[in-house]
Amino acid sequence: MGFDNVYESIGEDNDDRHWAFGTGFSETLSGVEQSLPIGIDVNDLAAYCLMLGDDALVMSHRLQEWVARAPELEEETALANIALDLLGQARLLLTRAGVVAGSGMTEDTYAFFRDENEFLNVRLAELTDADFGALMARLFVFSSWRLAILKRLRASKDQVVAAVASKGAKEITYHRDYAAQWVVRLADGTDESRSRIVAGLCALSPFISELFTASAVEQRMLYAGVAADLADVRTEVVGVLLEVFSEVELEPQVLGAGYCALSARGGLGGELDSIRSQMMGEHGSGSGREGILMGAIALAEMGEHGSGSGREGIHTKAMVELLGDLQSLARSYPGATW
Amino acid sequence: MEVAAGVADPELPMLNLGDLGIVREVSCIGSQVVVTITPTYSGCPAMQEISEDLLDALVEAGFSDVVVRSVLEPAWTSSWITEEGRRKLVDGGIAPPQSHSRIEDEPVPLRATARSNSYVDGPLRLRRSQYGPPCPLCGSTATELLSPFGSTACKALYRCQECMEPFEGIKEI
């Protein structure tokens, strides 16, 4: 089995020698029950799968960029594992989108040949991170949010989405706990590490409300029993964020107007009261904390930052270089083989 | 079924697919053999090789018409690793998953339903657990978790404080 060139061995067992795409991968959903749920608009379902898949694909890409840059080998391995889990979820969801849309698109054509305005990920996923602390803050928020969604998707009317969610929820729980532990470790560490976490959370501020704002597709898919209820998701995520913040005595407004937007939007008032009283009960006199929460809510009146939404294909500048990195080879040499 | 279940796992070759609970079912439709497997982790890169190894093994055993199917539901759980598999893991220096997830106690439902999982729906784990599984090398229980993510998606990295050796363990999922 001697090869002059090691790359020759890649196509050894199969005829698939495309190098831009993974070689020799069989159809991702091959053998998986593929029937479509009855009465569901296929274009909406495909778009919804793309949203979930793009969130995972884009976040995975950013995590992969940390390989060879992480502060410790164990953390690097962890980030690579997390990126791999997300990539696997992305593959399944993008493939499902192609099957449902009946367009002949595959996971690879979706990943490598769509334009920026066709990617439907939330903008939080595409952000770059200033440092490891910022990364952990962002991973914590992203994982908490995605976990809340996947937990609810276990009951989705589309059985492939439900199955991907059941597997994915177990994996994301590990991601969330890993990131939460790092947020606690750094926020409770030195002044320097704490300031990095705070800065990381503040940087997320303009992109938080988008996580809980349902696009038209998501609203229709919720009504059809396919999608998760983002209002419900918001309540759960706020609870998780507050739990970690109170552990390290971070003020909720560290997420800035973004937090305010999520806490005050759409009548979360009653739930906020019960969360507040819970926090005050656990931490003794909460007068300072009450003041902070009220101030945060007041700030919400000032409106949200940023405009446009990733769910509508409107992205930040960061997306341009991300896609350049991801797509340039495949686009420059489409159909190239080893 | 014996042939399929006997195929070695490409990453942990001391175990076979039967030990790991990856092969769910083998059935025959006419002369066609259909093997149903379930992926362990969403992004597990070994699943491709496992499918190919299964095909090769069955063809070698004389079955010419073989199809490998993948089911995502019910999701693979580490509690499907057999007792034999757990023993082989320890022999190979890898700690088996510490506790069985609650799902194992529930009968597999006839239809897919939203099922709660003891740790997905459980509380946030803010503090890293202090105790790892017993050391597969020296048996001590004085072990600590170094990282919940090891060399593969399915394993975590531990260190024994008694014999000071690092070792990996299959994660509960």
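The values are calculated or read from the model by the stated rules, or taken from the named source; none is laboratory data. Keep in mind that this is a model prediction, so the values were computed, not measured. For neighbour counting, all protein chains shown are included, and Cβ atoms are generated from backbone atoms with ideal geometry for every residue, glycine included. All accessible areas refer to the heavy atoms of the entire protein, side chains included, with ligands and DNA or RNA removed. Shrake-Rupley method; radii C 1.70, N 1.55, O 1.52, S 1.80 Å.
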Considering region B:1-49 alone, what residues qualify as being in a loop (DSSP other than H, G, I, E, B), among the charged types (D, E, K, R) and at pLDDT 85 or above? B:9
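Evaluate region A:42-51: report whether one residue or more is touching a residue at least 40 places away in the same chain (Cβ under 8 Å) and within 12 Å of another protein chain (Cβ to nearest Cβ). Step through it out loud before you land on a result.
First, pick out the residues of region A:42-51 that are touching a residue at least 40 places away in the same chain (Cβ under 8 Å): A:42-51.
Next, only the ones that are within 12 Å of another protein chain (Cβ to nearest Cβ) stay: none.
No: region A:42-51 contains no residue that is touching a residue at least 40 places away in the same chain (Cβ under 8 Å) and within 12 Å of another protein chain (Cβ to nearest Cβ).
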Scan region A:75-102 for residues that are free of Cβ contacts under 8 Å to residues at least 24 places away in the same chain and outside any helix (DSSP H, G or I) and report the count. 0
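Residue-by-condition table, conditions (1) buried (at least 20 other Cβ atoms within 10 Å of the Cβ); (2) part of a helix (DSSP H, G or I); (3) more than 8 Å from chain B (Cβ to nearest Cβ); (4) in contact (Cβ under 8 Å) with a residue 60 or more places away in the chain:
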| position | (1), (2), (3), (4) |
| --- | --- |
| A:166 | yes, yes, no, no |
| A:172 | yes, yes, yes, yes |
| A:175 | yes, yes, yes, yes |
| A:178 | yes, yes, no, yes |
| A:185 | no, yes, yes, no |
| A:192 | no, yes, yes, no |
| A:196 | yes, yes, yes, yes |
| A:199 | no, yes, yes, yes |
| A:232 | no, yes, yes, yes |
Of everything in region A:118-150 that's acidic (Asp, Glu) and open to solvent by 10 Å² or more (accessible area, probe 1.4 Å), which residue is farthest from the other protein chains (Cβ to nearest Cβ)? A:118
Among the numbered criteria (1) buried (at least 22 other Cβ atoms within 10 Å of the Cβ); (2) over 30 Å from residue B:166 (Cβ atoms), which single criterion is violated by residue A:105? (1)
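Take the residues in region B:80-120 that are open to solvent by 10 Å² or more (accessible area, probe 1.4 Å), of a type in the set (S, T, N, Q) and within 30 Å of residue B:166 (Cβ to Cβ), then tell me which one is modelled with the lowest pLDDT.
Of the residues in region B:80-120, the ones open to solvent by 10 Å² or more (accessible area, probe 1.4 Å) are B:80, B:82-84, B:86-88, B:90-94, B:96, B:98-116, B:118-119.
If we keep only those that are of a type in the set (S, T, N, Q) too, we end up with B:82, B:98-99, B:101, B:113, B:116, B:118.
Those left that are additionally within 30 Å of residue B:166 (Cβ to Cβ): B:82, B:98-99, B:101, B:118.
On the way: B:82: 90, B:98: 79, B:99: 66, B:101: 40, B:118: 65.
This residue is B:101.
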